[in-house]
Amino acid sequence: MRTLLEKKLFPFVIKPGRYTGGEPGQIVKDPEGRLNYLHAYPDKYELGQSYLGLQTIYHIINSDDRFLCERVYAVDTDTEEIMRREKIPLFSLESSRPAMAFDAVGFTLVDESVYTNLLTMLDLGGIPLHTADRDNRHPLVMAGGPSVYNPEPLADFIDLFFIGDGEEGLPQILEILLRLKGQSRAEKLEAIGREVESVYIPEYYDCEHNPLNDFAPPKIKARLVRSLKPEYYPEQPLVPLIEPVHNHLGVEIMRGCPQGCRFCMAGPIYRPVRIRPKADITNQVEQQINHSGYEEVSLMSLSSADYPDIETLATTLARRLETRKVSIALPSLRPGTIGPALLDAVRRVRNYGLTFAPEAGSERLRAFIRKNFPDEAIYDTARMAFQRGWTTVKLYFMVGLPTETDEDLQGIVNLCRQIQKIGREYPGKKTINVSISPFIPKPFTPFQWDEAVDEREAYRRILFVKKKLNSNQIHIKHEDTKLSQVLAVLSRGGREMGAVIETVYKNGGRFDHWTENFKYDLWVEAFEKNNVSITEALRAVPFTRNLPWSHIEKGASIEHLQKERQRTSAQLMEYVPLALTADEEQAAANNNMEFGRGKKKVASRNLAAPTKNRFRIRWGKTTRYKYMSHLDNLRMLERSIRIARLPVAYSQGFNPTMKLSFGPPLPLGFTSEAEYVDITLDTNFMPYMLESLQKALPEGINIFDARAVLGKAVSLSAALNRVEYCVPVEEWADKDDLNNNLKNIMNAEKLETERTGKNDTKRVDIRPAIYELKIEGDILVMTLGLGEGGYTRPTEVTEFLGENLINDPVALPYHRRAMYRFEEDRKIDPMDI
C-alpha cells in the first residue's frame, strides 16, 4: 500500500504532508492481537491536528497495549479525485492501512460543516454510507464530540454515538469490541448498549426517540469525567510536520465555563467546571515543551481568564520559559477579568494580538445574553494592552441575536471607534481586527427555540457595521451568512436532515467551512428536493415541540431552559445559576471552584548583550520527511533547537525570531544529504551542542558535519552555483536507451520546456543549466546549475529522459547528493565558504 501511495498519490497532490504521517509523537504498533481503532477527523489535517481532544484520545487509547489507535483526516478534493481514479482506499497515517482493516472507526464531530466530509470518508473507505447496509465485514462506525449532542441528522450513517467526555467511555467500548472480536455486529452493538453508559445507538429507537427494546435507556445521559487526570495528557505530543492552523502547544487548564452565556452551547455541554491543579499544568508544559520545541504555549479553556489565580499560573510559566524564548498565550479573554500582571506575563517573550469577545455591541444586549460587562471594561482592557505595547486587538461579535436592533449594531460601531481612539493615545500604528458571525440557535441553551435571521438579513446587519467602520486601521471579516443559514438548519434538524446531507454529498459538496469549497446552491437544491423548508426551519420553535435532542440528557432540564428563556423575554433579570446534579456537584467539589486573580508580579528581563558566534551544519533527511516544505524544515529545526536548549541568538523586537540562515531550498518530495544552515549563537560553539541537537532532531533527520564560521559569512544561496541529484537507474526499463538519451541531451544546443509559475507559463531553455549527466554504478547523477550557474529542475531534465521511464518523472525518488561552488576548475565545499 505504501509503495502505491509513493508512486501514484503523494507526488501529485497539493500537500502530501497531510497524508504521510511520520510525525514526532506518532505511535506505531503491530496490529496483530490488538483491537484496531481508527480515529477520524472529518476535516483537513491542518485543522484536525490542531484539535486538542484528538491528542488526548490518541494518547489514552495507545497507552493501553491491548489497543491500537491510528489517525485519518479528510482528504482534500484534489486528493479525492486521484484516489478514486487510482482506486486507492481511505488509509491511516501511521501504517497506510485501509480503513476496512480496522475494527472500528470513530469520528470527532466539532460542528455541522463537516457532515458531507464524513460521508466522503466512509465512501472512500469502502464502508456503506447507511448503517442498514453494513454487515460483519465492516468496522463499526462511531461518533463523538460537541455536534453529537444532536445526533439525529447523522442517525442513518452512524452505528453508535458516544455522548460526553470520552476519556473513560471510549476505552470501555473498545474493551467490549476486543472481547467480542469475531462476533457479529448485532452482538457487539447490544453488548455496548447494555454495558456502556452514554451510548446512543439509533437503530434501537424509533423516529420519536422511543426505545425499541428493553435495554435501551429512554434518556441517554452524557458522560462526565470527574477530574482531568495527568495521565490523560501525553508526555510526547504529536508534532505536525507541516504547518497546522494553530501552531502552538495547547494545554488544557480547565474544562467548562463558570459564566453561563445564554447563546453558548459549550457552557452547558462541558459543565461543571473542572480545574486542573497548577502543578499538573506546569509539569505538563515542561514535559511537552521538552519533547515538542514549540515557541508558544496556549493555556486552553472556554474561559481561561476565569481559571483561579490565572496570573500566578501564567507568570510562573512565563518566567520558566522566558530563557527558551517560549511565550504564553491565552485564547479569547473576557474584559474585566484581566489584570496588568496577566498581560505582562503574556507579553514577556512575544507581543501577539489580544482577543476579546464582547459578542454584542450594547450593554443592554450583553446583559440579555449574559455577557454582562460594561463598555468601560472593554475600554480599560484595551487601554491596558496599548499601554504595554500591544498593537493589535481582535474583537468577536455576533449579529442576529434575539432582541437585537440596529441600535445594538451601532453599539458595535461605537465600541470599535472608541478602541481606535484609545489606540491613538499611544505611539505606533494600531490595528483592530473585527470578526462577525451570525447567531445560530444551539441545543441545550435558553435560545435553542429562538429564530435565526435569514442570510439576507444577517448580511444586511453585517453591512450596517462594515459601512460605518470604513477605516484602514479596522479590518472586518465575517462568516459566510449563507453557510451560517445552512448550519442553523442542520443544528436543529432531525433525521430528515440525513437525506439532505447525503444529497449534497452526492452532488459534490465538500469542506463547507472552507470558503473556496462551499456551494450554497447545492444545499438549497437538497433542501427543496427533500421537502425541507429553510424558512420554516429558521423560525422560532414552540416550547411544545419535541426537540430532536430531547432524548439526550445534559445539564439543565428542558423545563429549566424554558423558564430561563421566558424570564429573559419578560425583563432583564440576574441569571439564576443552574442546579448541578449530584454527580456534577461532587465533580465540582473535587476541583475547588474559586474564581479570581492572584497578585504575582513579573520579574524584569535580563537585557545583557551576550557574545555572538555562528556555526554551519550540513544535514539531510530521509524518505520519511521528504514531503516537508522549506518552511516546514525551518520550523522543524527551530523546534529541535529549543528541545536541545542551544543558546541560539534571537532578533530584537516584539516578536523575536531565531537567527538562522538556510542554503537553497530543497524541492518538495526529495531526500537529501546536502542541506545547509547557519546558526548564530549567544555563546561560543561547543561540540556537545551538536550532540544535543542531533538527539533533539526527529529520527531520519541527520547531521553530517558542523563547524564554526569565522569572519563575515557569505550567503550560501548566493555563493553556491552547482547541485548534484541522484536517481536510481532501475527507474528506466532500458539502461542502454537511457545512456543514448543522456548523450543526446549533452550534445544538444538547446532544450526548451514549459515552466509554470504562479501567474503564467513560459518556455525556457534549460540546456545552459545542465553541466553533466552520467551513470555511476546503479544511479544516474545530474549536475545542474544554481544561482549564477543557471537553474533547472531535475524533473525538467527527466522529461527529456522519459522514454522507457517506468513511473511519472514527478514520482521518481530524487536525492540531493551535493551542493558546492565551482570556480576556476575546482569545487569549493559549502563548509569552506
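Observations on the model:
- Seen against the Cα atoms of the chain and their longest principal axis, helix 375-387 is set at about 20 degrees.
- Computed over the range 88-235, the quotient of the alpha carbon radius of gyration and 2.2 N^0.38 Å is 1.04.
- Global geometry of the range 44-86, whether rounded, prolate or oblate, following the gyration tensor of its Cα atoms and the 1.5 cut on a/c: oblate
- Degrees between helix 406-423 axis and first principal axis of the chain (Cα, 0 to 90, nearest 10): 50
- Centroid-to-centroid separation of the range 769-833 and the range 323-373 [C-alpha atoms, Å]: 53
- Over 31 Å between alpha carbons, listed pairs K430/K762; K229/K554; K15/K735: K430/K762; K15/K735
- Proximal lysines to K482, defined as alpha-carbon separation beneath 21 angstrom and excluding residues fewer than eight positions away on the same chain: K442, K466, K467, K506, K519, K529
- Of the residues A708, L343, N739, the one whose Cα sits farthest towards the positive end of the charge dipole of the chain is L343 (charges of +1 on Lys and Arg Cβ, -1 on Asp and Glu Cβ, taken about the Cα centre).
- Cα centroid of the range 607-685 to Cα centroid of the range 249-283, whole Å: 36
- Going through (1) 35; (2) 23; (3) 29, the figure that equals percent of Cα pairs over 47 Å apart as computed for the structure here is (3).
- Largest-first principal axis extents of the Cα set of the range 396-478 (Å): 48, 25, 20
- Projected over all directions and averaged, the alpha-carbon convex hull of the range 66-140 occupies 5.8 nm².
- Solvent-accessible area assigned to carbon and sulfur over the chain amounts to 48 percent, based on a 1.4 Å probe.
- Take the Cα of C207, step 7 Å toward its Cβ, do the same at M100, and the gap between the two points is 3.3 nm.
- What you get for the range 750-801, charging only the Cβ of Lys and Arg (+1) and of Asp and Glu (-1), is a dipole of about 220 debye around the Cα centre.
- Semi-axis lengths (Å, descending) of the ellipsoid that matches the C-alpha gyration tensor of the range 315-440: 28, 16, 12
- Kirkwood analysis of the range 679-723, using all unique Cα-Cα pairs, places the hydrodynamic radius at 12.9 Å.
- Cα principal axis extents for the range 479-523, largest first, Å: 28, 22, 14
- For the range 323-430: relative contact order, % (alpha-carbon pairs under 8 angstrom, 6 or more apart): 30
- For the range 432-547: Kirkwood Rh in Å [reciprocal of mean 1/r, alpha carbons]: 15.5
- Remark on the range 1-145: ratio of C-alpha radius of gyration to 2.2 N^0.38 Å is 0.98.
- The length gained on full extension between D829 and S184, counted as 0.36 nm times the residue separation minus their Cα-Cα distance, comes to 225.7 nm.
- Ordering L140, G757, T391 by Cα displacement along the dipole of the chain toward the positive end leaves T391 in first place; charges were set at the Cβ atoms of Lys, Arg (+1) and Asp, Glu (-1).
- Note: the range 221-364, Cα convex hull, 137 Å³ per residue.
- D by Stokes-Einstein for the range 360-404, Kirkwood Rh over Cα pairs, 25 °C, 0.890 mPa s: 209 µm²/s.
- Prolate/oblate/rounded label for the range 698-751 (Cα gyration tensor, a/c 1.5): oblate
- Environment charge at E195 (Cβ cut-off 14 Å; Lys +1, Arg +1, Asp -1, Glu -1): -1
- The calculated Kirkwood hydrodynamic radius for the range 132-173 is 11.3 Å, given to one decimal from all distinct C-alpha pairs.
- Among 661-670, 515-524, sorting by the average number of other beta carbon atoms lying within 10 angstrom of each residue, highest first, gives 661-670, 515-524.
- The Cβ shell under 12 Å around G361 holds other residues with a net charge of -1, Lys and Arg each +1, Asp and Glu each -1.
- Most simply put, the range 91-200 has about 30% antiparallel DSSP beta bridges, counting only bridges with both residues inside it.
- A Cβ-based charge dipole, computed about the Cα centre of the chain with Lys and Arg at +1 and Asp and Glu at -1, lands at about 3200 debye.
- Within the chain, DSSP assigns beta bridges of which about 55% are antiparallel (rounded to the nearest 5).
- With R₀ set to 25 Å, the beta-carbon distance separating M686 from N655 gives a calculated FRET efficiency near 0.30.
- Estimated purely from DSSP H runs of n ≥ 4, each contributing -39500 (n - 2.57), the mean residue ellipticity at 222 nm for the chain is -9500 deg cm²/dmol once divided by its residues.
- Think of it this way: in the chain, C69, C207, C257, C416, C726 stand alone, with no other Cys Cβ under 4.7 Å.
- Taking Cα atoms only, the orientation of helix 735-747 departs from the longest principal axis of the chain by about 80 degrees.
- Cβ crowding within 10 Å averaged over residues, with 370-382, 443-455 ranked highest first: 443-455, 370-382
- In the context of the full set of protein chains, the range 166-264 has a per residue accessible area of 42 Å² (1.4 Å probe).
- Inter-part distance, the range 433-509 to the range 710-725, computed on C-alpha centroids, equals 53 Å.
- In the chain, a dipole from Cβ-located charges (positive for Lys and Arg, negative for Asp and Glu) runs towards its positive end, and of L401, L124, V797 it is L401 whose Cα lies farthest in that direction.
- When each of the peptides 481-488, 214-221 is scored by how many other beta carbons lie within 10 Å of its residues on average, the order from highest to lowest is 481-488, 214-221.
The values are calculated or read from the model by the stated rules, or taken from the named source; none is laboratory data. None of the values given here were measured: they were computed from a predicted structure. Counting neighbours? That spans all protein chains shown, and the Cβs are built from the backbone with ideal geometry, glycine included. The protein model used for the area step is the full one, side chains on, heavy atoms only, and it has no ligands, DNA or RNA in it. Shrake-Rupley method; radii C 1.70, N 1.55, O 1.52, S 1.80 Å.
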